[in-house]
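Asker: Handing you a structure now.
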Amino acid sequence: MTTTHAVVAEGLRKRYRGGTGTTALDGFDLRAPAGTVYGLLGPNGAGKTTAVRILSTLLSFDAGRAEVAGADVTRRPELVRDRIALTGQYAAVDEVLSGRQNLVLFGRLHHLGRRAARRRADELLERFDLADAADRSAGQYSGGMRRRLDLAASLIRRPHVLFLDEPTTGLDPRSRNQVWDSVRTLVADGTTVLLTTQYLEEADQLAGRIAVVDAGRVVAEGTPAELKAAIGADRLELVVEDAARLDDAAALTARLTGAAPDVDRDHRRLRVPVSDRMAALTAVVRALQDDGIAVADVGIHRPTLDEAFLQLTGHPAEKTEKEETR
């Protein structure tokens, strides 16, 4: 592994022997640059959680190799564990203890002295905007506060790599934004974050690079912009005032853009891909005006990660199957 990559996986394979005999990973490859948020994007059952459990030494695998923070996962698991932290899908804090007591406890479990553990707890409470609630029981915290406390507990030892497995599942939008801000702060301080999520917006907001995972392997990889570009051009969308002129508008738009528009008659809407977004917008709007076709709404829309995921995998990002973890 080169020093520029904090996490490397090559050809990982994992098949669960019991039950249905599910193949969770089927040639899984990954290279996550150091000092970044690297997103694993995929539906439930895609293999994301299995990959994280393998990379964090919690699960064996059948074939392939993996290195994390410069250490081989199979040969040096104790060194990997010393250099990483893992925050699972659900907060692992004790709800009876206060926020400060939770962090001091984690500090003591990491062999910090009593004074050092308390000092580190105070630093993390301040950093995660929990100082005012430090002496309240964690059971009184909101979902977002508990998640931030869970993140703080993961950083007692300042890990090289932090695995975040579905960190905002079940959170409201405000709490989700607070967790996102905390993750950005971690990366700014030098921690590499491997983020698994099925929320396309979350991957778009946080990750510098994203691996799209489906059926146990990476089917696409790149920046959010590169993945969006993989599905093609921007789209010109317009809504005409008079449904009777919709076909006229479609014919005119096709002639100017060289592409057949998608026609939504129920909403009097046209969508057509364009290569030069501003030139197409100007030309179409002017031509419609000259032809007396009134427009209720018009705009240019870039592809979304939702659309990219659908095109890359052949299905939406939601699934109902649960990934086995034994």
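The values are calculated or read from the model by the stated rules, or taken from the named source; none is laboratory data. The structure presented is a predicted model; accordingly, all values stated were derived computationally and were not measured. We place every Cβ from the backbone using ideal geometry, glycine too, and count neighbours over all the protein chains shown. For the accessible areas, the whole protein counts, side chains as well, though only heavy atoms, and no ligand, DNA or RNA atoms are used. Shrake-Rupley method; radii C 1.70, N 1.55, O 1.52, S 1.80 Å.
Asker: With springs only between Cα atoms under 10 Å apart, run a GNM on the chain and tell me which of Arg13, Arg119, Arg184 wobbles the most.
Answerer: Highest fluctuation among the options: Arg119.
Asker: Moving on. With the cut-off at 1.5 for a/c, could you classify the stretch 23-72 from its C-alpha gyration tensor as rounded, prolate or oblate?
Answerer: Numbers: a/c = 1.85, a/b = 1.14, b/c = 1.61.
Note, shape of the stretch 23-72 comes out oblate.
Asker: Separate question: Pairwise over distinct Cα atoms, reciprocal of the mean inverse distance: report the Kirkwood radius of the stretch 69-172 in Å, one decimal place.
Answerer: Details: mean 1/r = 0.0708 Å⁻¹.
With all distinct Cα pairs of the stretch 69-172 included, I get 14.1 Å.
Asker: Under 8 Å for C-alpha pairs, at least 6 residues apart: give me the relative contact order for the stretch 1-101, rounded to a whole percent. Numbers along the way, then the final one.
Answerer: On the way: 143 pairs, mean separation 27.5, N = 101.
27 percent.
Asker: Treating only the Cα positions of the stretch 197-326 as identical point scatterers, give the base-10 log of I(q)/I(0) from the Debye formula at each q in 0.19, 0.21 Å⁻¹.
Answerer: After summing over all Cα pairs, the log10 values are -0.99, -1.10.
Asker: Same structure again: Mind checking the stretch 81-150 for GluC sites (Glu not before Pro) that DSSP puts in a loop (not H, G, I, E or B) and that have at most 15 other Cβ atoms within 10 Å? Show your work: numbers first, answer last.
Answerer: Details: sites: Glu95, Glu123, Glu126; in loops: Glu95.
When the GluC sites (Glu not before Pro) of the stretch 81-150 are filtered for loop state and at most 15 Cβ neighbours within 10 Å, Glu95 remain.
Asker: What's the extension gain from Arg136 to Asp172 if we count 0.36 nm per residue and subtract their Cα-Cα distance? Walk me through the numbers on the way to the answer.
Answerer: Values: separation 36, 0.36 × 36 = 12.96 nm, distance 2.14 nm.
Using 0.36 nm per residue and subtracting the Cα-Cα distance, I get 10.8 nm.
Asker: A further question follows. Can you give me the Rg/Rh ratio for the stretch 214-280, using Cα atoms for both radii and the Kirkwood formula for Rh? Don't jump to the answer; show the numbers that get you there.
Answerer: Numbers: Rg = 15.8 Å, Rh = 13.8 Å.
Using Cα coordinates only, the ratio equals 1.15.
Asker: For the stretch 17-137, evaluate the Debye formula with one uniform point scatterer on each Cα (no solvent term) and list log10 I(q)/I(0) at q = 0.09, 0.18 Å⁻¹, rounded to two decimals.
Answerer: Debye intensities relative to I(0), on a log10 scale: -0.37, -1.07.
Asker: Sticking with this structure for a sec: On average, how much accessible surface per residue is there in the chain, in Å², for a 1.4 Å probe, leaving out ligands, DNA and RNA? Each step should come with its number before you reach the end.
Answerer: Working: 15710 Å² over 326 residues.
Averaged over the residues of the chain, the accessible area is 48 Å².
Asker: Where the centroid of each part is defined by its Cα atoms, how far is the stretch 3-43 from the stretch 218-243 in Å?
Answerer: Taking the Cα centre of the stretch 218-243 as reference, the centre of the stretch 3-43 is 27 Å away.
Asker: How many percent of the accessible area of the chain is carbon or sulfur, using a 1.4 Å probe? Don't skip to the end; give the middle numbers.
Answerer: Working: 7430 of 15710 Å².
Whole-percent figure for carbon plus sulfur exposure: 47.
Asker: Sticking with this one: Counting only helical runs of four or more DSSP H residues, what would the 222 nm mean residue ellipticity of the chain come to if each run contributes -39,500 (n - 2.57) and the total is spread over all its residues? Present the calculation step by step, with values, prior to reporting the outcome.
Answerer: Details: 11 runs with 116 residues, N = 326.
So the helix-based figure for the chain works out to -10500 deg cm²/dmol.
Asker: Rounded to whole Å and sorted largest first, list the principal axis extents of the Cα atoms in the chain.
Answerer: Reported extents, whole Å, longest axis first: 79, 48, 39.
Asker: I've got another one for you. For Arg302 and Glu221 in the same chain, what is the full-extension length gain: residue separation times 0.36 nm, less their Cα-Cα distance, in nm?
Answerer: On the way: separation 81, 0.36 × 81 = 29.16 nm, distance 1.89 nm.
Taking 0.36 nm per residue and subtracting the Cα distance, the gain is 27.3 nm.
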